[in-house]
1. How long is the gain from Thr170 to Gln56 if the chain were fully straight, where each residue apart is worth 0.36 nm and the alpha carbon distance is subtracted?
2. Tell me, what ³J(HN,Hα) does each residue in the stretch 29-46 have, in order and in whole Hz, if you take phi through Karplus 6.51 cos²θ - 1.76 cosθ + 1.60 with θ = phi - 60° and put x for Gly and Pro?
3. For Ser18, tell me the accessible area in Å² from a 1.4 Å probe, rounded to the nearest 10.
4. Would you check the accessible area of Trp41, probe 1.4 Å, heavy atoms only, in square angstrom rounded to 10?
5. Phe167 accessible area, nearest 10 Å², 1.4 Å probe?
6. Please give, to one decimal in nm, the separation of the simple spin-label points placed at Gln45 and Arg105, each 7 Å out from Cα toward the Cβ.
7. When ligands, DNA and RNA are left out and all protein chains stay put, how many square angstrom of accessible area per residue does the stretch 1-147 have with a 1.4 Å probe?
8. Can you work out the Karplus-derived ³J(HN,Hα) for every residue in the stretch 95-104? Use 6.51 cos²θ - 1.76 cosθ + 1.60 with θ = phi - 60°, whole Hz, and x for glycine or proline.
Amino acid sequence: MSNREVRVERWPALELASTIRHDGNGGVADDLATLEGATHWLHQQVDAVNITVDEQLRSELVELRRAIRALFAHAVSPAPPSRADANRLMPLDQALTHLNAAAAREAIVPQLTWPKGGTPRTDALSTEPDGNVRLIAALARATIDFLSGPHREQLRACHAPRCVRYFVKTHGRQEWCKPSCANRARAARHYQRHHTGEL
């Protein structure tokens, strides 16, 4: 890794929540709104072998995202949630039930592997033949891991103008999800300071 490269940690739960995003024109885009969009997003995220991207999977991804964004909104509270869906969040108990049910769709059995002369390790085995079920369950488990782990405390909703993303705060002074949001927020504050009271 060169001095210029920065390691960016990725969290599947955050990636799925971020399929609701600023569209670049002042509105909100939904990467899962169409089957083509869902297919494109999935191929960017995972090896889509044994996954059938159909309307049922797209719908399941959207519902899981709704639950995740409701849980993210709860996690950042008392700070305000993302503006994208703040007025139509899934109720917390429904979001928890949905997430846990999605995770439970795939039975995972721990398997101990101990190579000769090596260190033992635990692998997770699944007998679930349906790749779509494995995908939804894996995303739900990743969300459970994320929300029950140390990164939840650093989860924030970006409140830069037009931004609707959640992000993990990686340093003490970080207020926005990315530099372009910081620039927009500074420009908006500058504009407001210099144009307050003008007609």
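The values are calculated or read from the model by the stated rules, or taken from the named source; none is laboratory data. These numbers were taken from a predicted model, which means no experiment stands behind them. No Cβ is skipped: glycine too gets one built from the backbone with ideal geometry, and neighbour counts run over all protein chains shown. With ligands, DNA and RNA removed, areas are computed over all heavy atoms of the protein, side chains included. Shrake-Rupley method; radii C 1.70, N 1.55, O 1.52, S 1.80 Å.
1. 37.5 nm
2. 10, 10, 5, 9, 5, 10, 4, 5, x, 5, 4, 4, 4, 4, 5, 6, 8, 9
3. Ser18 has an accessible surface of roughly 20 Å² with all protein chains in place.
4. Only protein atoms counted, so the area is about 20 Å².
5. Rounded to the nearest 10, that gives 10 Å².
6. Those two pseudo-labels are separated by 1.2 nm.
7. 60 Å²
8. Result, rounded to whole Hz: 5, 4, 4, 5, 4, 5, 5, 5, 5, 6.
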